[in-house]
Amino acid sequence: MVNRIATEIAGLQLANPTMLAAGILGYTGLSLQSVIEAGAAAVVTKTMGQEPRAGYLNPTVVQTDCGLLNAMGLPNPGIGHFKEEMKQLKTIHAPIILSIYGSSPEEFVKVAETAAELGADAIELNVSCPHVEKAGAEIGCDPLLLTDIVKAVKKHVNVPVIAKLTPNIANIGEIAEAAEEAGADAITAINTVKAMAIDTETGRPILANKFGGLSGPAIKPIAVRCVYDVYRAVNVPVIGCGGISNWQDAIEFMLAGASAVQIGTAIAYKGVEVFGSVAQGIDDYLKRKGFKNVKDIVGLAHKF
Ligand SMILES: Cc1cc2nc3c(=O)[nH]c(=O)nc-3n(C[C@H](O)[C@H](O)[C@H](O)COP(=O)(O)O)c2cc1C
């Protein structure tokens, strides 16, 4: 039987176009395995750095009307810790993408080398976290620094390198171009949108860090626009992310130019079953519309 939804991104074979977005289910082998078993074709781990990092004090998450606002501060046990989790994932036949961060090209290289040694099938560079100083969106807003980081990492690892971009910038296409020219094999768009919430009784910003990143349905139209812009700017594949919670959302991202999609916040209210239902919905759509493969719909909205 022909598999209409099987696809490929930068050499990674995907049984369908859905992936777990970074940070949503952490980095334990068991939780990543449960996502694959539920139908995701690949997983992205929580972002990890060279050293363990505690993250911010609570409150770190605020539920809003149509999404989540978070400022976790990239808590993680350090990339070395992931060795044990990787052992657990040995039996999984789906790409494991390790998300990493650093505060300089040298630090990114060290973490990327460890990620590759641990068996990462690809590395996603988190250069887009809106609430971590000197290691997040500040890099993703600076094309020269981003270029240095992507070039340095590409020089030291042999696995595909994906740059995850921030929407908190005037021209995301320019940043995507810089990442592509530096050697990025794919672009993920987008990370969360910088936002905040204030308690009306106390007058205080709710998040301990004051600012955070908004995710979920509220940011979907922003993310679709970003994917559309990035697709126009580069030739490498685009991975769409931001507010996807059903198959219609996934199709919309693919029409805008995404070759695959990442799902995060929707898991909080739909469970990991969302991956299976999105994949099934994409398949049904392709069949109903007479498309032979999911690749045939990528970027179709650009015809108009
Ligand atoms: C609680 C939480 C933690 C996150 N942690 C990370 C992270 O560690 N690294 C990263 O690149 N993105 C992280 N993100 C951003 C998501 O990967 C994704 O880009 C964003 O939430 C938009 O997708 P969504 O609307 O499907 O959640 C996090 C998002 C949330 C809600």
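The values are calculated or read from the model by the stated rules, or taken from the named source; none is laboratory data. Here the structure is a predicted model, which is why all the values come from computation and not from measurement. Note: ideal-geometry Cβ built from the backbone for every residue, glycine included; neighbour counts use all protein chains shown. To get the accessible areas, we keep the full protein, side chains included, count just its heavy atoms, and leave off ligands, DNA and RNA. Shrake-Rupley method; radii C 1.70, N 1.55, O 1.52, S 1.80 Å.
The sole residue among 117, 113 that is exposed (fewer than 15 other Cβ atoms within 10 Å of the Cβ) and more than 16 Å from the ligand (Cβ to nearest atom) is 117. Scanning segment 114-140 for residues that are hydrophobic (A, V, I, L, M, F, W, C) and under 17 Å from the mean Cα position of the chain (by Cα) turns up 115, 120, 122, 123, 125, 127, 129, 132, 135, 137, 139. Assess whether residue 99 counts as being within 15 Å of the ligand (Cβ to nearest atom), at pLDDT below 95 and on the phi < 0 side of the Ramachandran plot. It is false that residue 99 is within 15 Å of the ligand (Cβ to nearest atom), at pLDDT below 95 and on the phi < 0 side of the Ramachandran plot.
Every residue, every condition in (1) touching a Ser or Thr at 6+ places or on another chain (Cβ under 9 Å); (2) within 10 Å of the ligand (Cβ to nearest atom); (3) of a type outside the set (Gly, Ala, Ser); (4) at pLDDT below 95, yes or no:
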residue	(1), (2), (3), (4)
51	no, no, yes, yes
54	no, no, no, yes
58	no, no, yes, yes
67	yes, yes, no, yes
71	yes, yes, no, yes
76	yes, yes, yes, yes
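Of the residues 269, 228, the single one that is modelled with pLDDT under 95 and among the aromatic types (Phe, Trp, Tyr) is 269.
On inspection, residue 229 fails the criterion of being under 28 Å from residue 38 (Cα atoms), buried (at least 17 other Cβ atoms within 10 Å of the Cβ) and over 14 Å from the mean Cα position of the chain (by Cα). Among the residues of segment 248-267, those identified as open to solvent by less than 30 Å² (accessible area, probe 1.4 Å) and over 23 Å from residue 233 (Cα atoms) are 263, 264, 265, 266, 267.
As a summary of the residue check, residue 145 satisfies the conditions (1) aliphatic (A, V, I, L, M); (2) under 19 Å from residue 238 (Cβ atoms); (3) away from the ligand (no atom under 16 Å from the Cβ) except for the one numbered (2).
Comparison of 287, 303, 270, 292 shows that the only residue that is under 20 Å from residue 236 (Cα atoms), out of contact with any Phe, Trp or Tyr (no Cβ under 8 Å at 6 or more places or on another chain) and surrounded by fewer than 16 Cβ atoms within 10 Å (Cβ to Cβ) is 303. Summed over segment 17-35, the residues that are within 16 Å of the chain's Cα centre (by Cα) and over 18 Å from residue 213 (Cβ atoms) give a count of 6.
Applying the criterion of being over 14 Å from residue 274 (Cβ atoms) and in a helix (DSSP H, G or I) to the residues of segment 24-47, the residue that is most open to solvent (accessible area, probe 1.4 Å) is 30. Of the residues making up segment 165-177, those that are in contact with a strand residue (DSSP E or B) (Cβ under 9 Å, 6 or more places away or on another chain) and open to solvent by 10 Å² or more (accessible area, probe 1.4 Å) are 167, 168. Cβ separations smaller than 9 Å between residues 6+ apart or across chains give no pair from segment 256-268 residues that are more than 17 Å from residue 303 (Cβ to Cβ) to residues that are of a type in the set (Asp, Glu) and near the ligand (Cβ under 8 Å from one of its atoms). Considering (1) open to solvent by 40 Å² or more (accessible area, probe 1.4 Å); (2) at pLDDT 95 or above; (3) within 13 Å of the ligand (Cβ to nearest atom), the lone condition that residue 21 does not fulfil carries the number (1).
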